[in-house]
Amino acid sequence: MIRSDRSRLLLRALTIALAVTTTHAIGAHDARAQPAQPLQDRFLLGVGTHQGLGGAVGKRGYVPATNIKQMQELGVTSFRDDLSWSDFELPDRRLGFAAPLGRLEAQINARVARPVLILGAGHHLVPNSLPPTTDEARQRFVDYAIAAARSVSGSPPLFELWNEWNIATRKNPAFNAENYLALAAVTYPAVKRIAPNAPFIVGAIGDDPGWRWTASLLQGGLLKYADGISVHLYNHCDRPARRTAAEVIERLNAFHRLVSQASGRPDFPVYVTETGWPTPTAKCGVDEKVQADNTAQLILWAPTASSWLKGIWLYELKDSGTNPSEIEDNFGLYHFDNSPKPAVCAVRDSWAFVRSSLKAEAMKVSNEVTAIKSVSAKGQRLAVWSNDPAKRYEIRLKGDAPKVSFGYPCDPSPKPAAGAWMAVSSTPLLVKADETSIPEFDVRPRDH
């Protein structure tokens with residue numbers, strides 16, 4: 001409901017087509033029915049790591065003892081890494097963890113977070129294995145996948161079939177939909193016999209304009225061989241105004257609609273196993289504050305989709321190199337030297353804000369302001385942010401709010417919300433009400 005006001009401030013706001021003062025009832029509508037479990041029990045927030053690549057000492061600077069502490073600091077519940085076929089199957093066809101995978105084994109055994117293990121990458125001693133295109137190569141792959149499932153059964157793991165197969169097809173036509181479907185058809189039942197409770201995820205779909213590759217897989221019946229489907233979502237090379245969490249959410253919702261139609265199940269599990277914003281000096285990237293704000297927004301939005309969205313993995317835990325202009329060196333939440341970027345506290349605080357939520361919904365404020373209401377056993381929560389970093393707003397609660405406080409990621413110290421106009425920008429505003437409800441609130445543009 002929009003109320004008009006004769007004040008000069010709000011008239012000027014109308015003239016420039018901004019929202020004036022908008023009133024919203026936090027408790028007016030029930031969120032769509034969702035499981036009465038805390039979000040952390042039905043959704044995984046993870047990070048990408050690189051323990052499984054590069055041998056005993058990798059060039060990317062990943063060290064299990066350090067990275068385990070970083071994951072604990074973030075509070076994440078999962079990590080995603082490569083369980084390389086070439087390193088898991090030794091030349092004498094012995095299958096298992098050996099020195100090249102020692103760092104990954106240590107991270108798994110630490111039980112710091114639930115592993116998503118990527119099965120793939122071919123084997124240098126197996127003909128026709130990159131990708132597997134013959135019955136013999138596919139059977140060798142299945143043997144490796146079975147042994148991998150046995151070796152990590154106590155983790156408990158999730159398995160993902162290959163990584164961005166569709167990107168490889170640009171250079172090698174053997175990476176086509178038919179060969180992927182054939183590999184999924186034989187690998188899925190084999191792994192499920194060994195690890196029936198381990199989700200088997202297919203797709204790991206990289207950049208897919210128009211979802212043409214996705215459509216070919218879905219039309220081929222891929223979901224018959226899966227417990228869930230995964231996608232990778234990036235926009236750091238889009239025009240600057242589109243390098244946002246809102247754009248990622250828009251494409252994720254479009255992907256979900258395709259999967260829902262193909263499966264006949266609106267709740268068919270979807271996993272975003274890679275997303276993030278690199279911070280290089282190159283033109284394809286964002287500054288560290290934008291990385292932090294985007295990441296926080298995505299995490300705070302996630303509970304609204306938890307009936308079908310089962311996890312998000314931020315790429316990646318730490319920078320993989322030191323070249324400031326190299327995109328691939330600068331995706332990390334931590335710098336290469338393990339010092340934190342602003343995204344570290346943004347992830348930590350936004351996840352802490354929503355991880356106990358029982359239900360959540362997005363509220364329609366305006367096209368330029370997002371508000372997410374959530375409910376936990378302790379009370380209500382409200383996250384509000386501007387979708388446009390150049391535009392700022394304020395909100396003020398109506399009525400008494402003695403037990404309501406507010407803060408921001410990276411500055412979570414609670415402040416009384418009663419009577420205060422609280423700043424809203426691309427950095428999310430976090431409003432918390434313990435053992436009470438959040439009153440209705442007004443929104444206005446901020447001129448300062």
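For segment 222-258, what are the residues that are among the β-branched types (Val, Ile, Thr) and either more than 18 Å from the chain's Cα centre (by Cα) or surrounded by fewer than 22 Cβ atoms within 10 Å (Cβ to Cβ) (or both)? Walk me through it before giving the result.
Our first condition is that a residue be among the β-branched types (Val, Ile, Thr); within segment 222-258, this holds for 229, 231, 244, 248-249.
Across segment 222-258, the qualifying residue is only Ile249.
Output the residues belonging to segment 342-376 that are over 18 Å from the mean Cα position of the chain (by Cα), more than 12 Å from Trp301 (Cβ to Cβ) and basic (Lys, Arg).
Lys359, Lys364 - these are the residues of segment 342-376 that are over 18 Å from the mean Cα position of the chain (by Cα), more than 12 Å from Trp301 (Cβ to Cβ) and basic (Lys, Arg).
Give just the number: which of (1) closer than 29 Å to Ala418 by Cα; (2) touching a Lys or Arg at 6+ places or on another chain (Cβ under 7 Å) does Thr370 not satisfy?
Failing condition for Thr370: (2).
Criterion first (buried (at least 18 other Cβ atoms within 10 Å of the Cβ) and either under 29 Å from Ala346 (Cα atoms) or of a type in the set (Gly, Ala, Ser) (or both)) does Gly46 satisfy it? Step through it out loud before you land on a result.
On the way: buried (at least 18 other Cβ atoms within 10 Å of the Cβ): yes; either under 29 Å from Ala346 (Cα atoms) or of a type in the set (Gly, Ala, Ser) (or both): yes.
For Gly46, the condition - buried (at least 18 other Cβ atoms within 10 Å of the Cβ) and either under 29 Å from Ala346 (Cα atoms) or of a type in the set (Gly, Ala, Ser) (or both) - is met.
With the requirement that a residue be among the small types (Gly, Ala, Ser) and touching a Ser or Thr at 6+ places or on another chain (Cβ under 8 Å), what does segment 127-142 give you? Walk me through it before giving the result.
First, pick out the residues of segment 127-142 that are among the small types (Gly, Ala, Ser): 129, 137.
Matches in segment 127-142: Ala137 only.
Look through segment 409-426, keep the residues that are touching a Ser or Thr at 6+ places or on another chain (Cβ under 9 Å), touching a residue at least 12 places away in the same chain (Cβ under 8 Å) and not in a loop (DSSP other than H, G, I, E, B), and return whichever of them is farthest from Ile395 (Cα to Cα).
Going through the qualifying residues, I end up with Pro414.
Filter segment 393-402 down to residues that are part of a loop (DSSP other than H, G, I, E, B) and either surrounded by fewer than 16 Cβ atoms within 10 Å (Cβ to Cβ) or of a type in the set (Ser, Thr, Tyr) (or both) and give me whichever is modelled with the highest pLDDT.
Taking segment 393-402 and keeping what is part of a loop (DSSP other than H, G, I, E, B), we get 398-402.
In the following step, the residues that additionally are either surrounded by fewer than 16 Cβ atoms within 10 Å (Cβ to Cβ) or of a type in the set (Ser, Thr, Tyr) (or both) were identified as 398-400, 402.
Values: Lys398: 90, Gly399: 79, Asp400: 80, Pro402: 84.
My answer is Lys398.
Return yes or no: is Ser306 crowded, with 18+ Cβ neighbours inside 10 Å, of a type in the set (Gly, Ala, Ser) and in the same structural domain as Ala113 (by TED's automatic domain parsing)?
Values: crowded, with 18+ Cβ neighbours inside 10 Å: yes; of a type in the set (Gly, Ala, Ser): yes; in the same structural domain as Ala113 (by TED's automatic domain parsing): yes.
For Ser306, the condition - crowded, with 18+ Cβ neighbours inside 10 Å, of a type in the set (Gly, Ala, Ser) and in the same structural domain as Ala113 (by TED's automatic domain parsing) - is met.
For a quick check of your reading: which helices (runs of 4 or more DSSP H) sit entirely within segment 80-160 and have at least 1 residues that are under 24 Å from the mean Cα position of the chain (by Cα) and either more than 19 Å from Leu183 (Cα to Cα) or charged (D, E, K, R) (or both)?
Values: elements: 85-88, 102-109, 135-151.
The qualifying helices (runs of 4 or more DSSP H) are 102-109.
So, in segment 414-446, exactly how many residues are among the polar types (S, T, N, Q) and under 21 Å from Ala377 (Cα atoms)?
2
Regarding Ile194, is this residue in the same structural domain as Ile229 (by TED's automatic domain parsing), under 26 Å from the mean Cα position of the chain (by Cα), free of Cβ contacts under 8 Å to residues at least 60 places away in the same chain and surrounded by fewer than 17 Cβ atoms within 10 Å (Cβ to Cβ)?
Numbers: in the same structural domain as Ile229 (by TED's automatic domain parsing): yes; under 26 Å from the mean Cα position of the chain (by Cα): no; free of Cβ contacts under 8 Å to residues at least 60 places away in the same chain: yes; surrounded by fewer than 17 Cβ atoms within 10 Å (Cβ to Cβ): yes.
Considered against the rule, which asks whether it is in the same structural domain as Ile229 (by TED's automatic domain parsing), under 26 Å from the mean Cα position of the chain (by Cα), free of Cβ contacts under 8 Å to residues at least 60 places away in the same chain and surrounded by fewer than 17 Cβ atoms within 10 Å (Cβ to Cβ), Ile194 comes out as no.
If Ala390 meets every condition in (1) more than 27 Å from Val270 (Cβ to Cβ); (2) within 21 Å of the chain's Cα centre (by Cα); (3) without any contact (Cβ under 8 Å) to a residue 60 or more places away in the chain apart from one, which number is that one?
For Ala390, the failing item is (2).
Of the residues Val354, Val443, Val369, which single one is surrounded by 17 or more Cβ atoms within 10 Å (Cβ to Cβ), among the β-branched types (Val, Ile, Thr), in contact (Cβ under 8 Å) with a residue 40 or more places away in the chain and more than 30 Å from Thr77 (Cβ to Cβ)? Reasoning before the result, please.
Working: Val354 fails: more than 30 Å from Thr77 (Cβ to Cβ); Val369 fails: more than 30 Å from Thr77 (Cβ to Cβ).
Checking each option against the conditions leaves just Val443.
Are any residues in segment 192-213 closer than 25 Å to Pro115 by Cα and in a helix (DSSP H, G or I), and if so, which ones?
First, pick out the residues of segment 192-213 that are closer than 25 Å to Pro115 by Cα: 192-207.
Residues satisfying the conditions are Lys192, Arg193, Ile194.
Does Leu18 count as at pLDDT below 50, in a loop (DSSP other than H, G, I, E, B) and in contact with a strand residue (DSSP E or B) (Cβ under 7 Å, 6 or more places away or on another chain)? Reasoning before the result, please.
Working: at pLDDT below 50: yes; in a loop (DSSP other than H, G, I, E, B): yes; in contact with a strand residue (DSSP E or B) (Cβ under 7 Å, 6 or more places away or on another chain): yes.
Judged against the criteria, Leu18 is a match.
Could you check, for segment 217-240, whether at least one of its residues is out of contact with any Asp or Glu (no Cβ under 9 Å at 6 or more places or on another chain), of a type outside the set (Val, Ile, Thr), part of a helix (DSSP H, G or I) and modelled with pLDDT under 95?
Scanning segment 217-240 turns up at least one residue that is out of contact with any Asp or Glu (no Cβ under 9 Å at 6 or more places or on another chain), of a type outside the set (Val, Ile, Thr), part of a helix (DSSP H, G or I) and modelled with pLDDT under 95.
Please list, ordered by first then second residue, the pairs with beta carbon atoms under 6 Å, 6 or more apart or interchain, first in segment 144-161 and closer than 14 Å to Asp87 by Cα, second part of a helix (DSSP H, G or I) and of a type in the set (Ser, Thr, Tyr).
Ala145/Thr187
Does at least one position in segment 316-334 carry a residue that is of a type outside the set (S, T, N, Q), in contact with a Phe, Trp or Tyr (Cβ under 6 Å, 6 or more places away or on another chain) and not in a loop (DSSP other than H, G, I, E, B)? Give the derivation first.
In the first step, residues of segment 316-334 are kept if they are of a type outside the set (S, T, N, Q); the result is 316-319, 321, 324, 326-329, 331-334.
Narrowing further to those that are in contact with a Phe, Trp or Tyr (Cβ under 6 Å, 6 or more places away or on another chain): 316, 318-319, 331.
Now drop any that are not not in a loop (DSSP other than H, G, I, E, B), which leaves 318.
Yes: segment 316-334 contains one or more residues that are of a type outside the set (S, T, N, Q), in contact with a Phe, Trp or Tyr (Cβ under 6 Å, 6 or more places away or on another chain) and not in a loop (DSSP other than H, G, I, E, B).
The values are calculated or read from the model by the stated rules, or taken from the named source; none is laboratory data. Keep in mind it's a predicted model, so treat the numbers as computed, not measured. With ideal geometry, Cβ positions are generated from the backbone for all residues, glycine too; neighbour counts draw on all protein chains shown.
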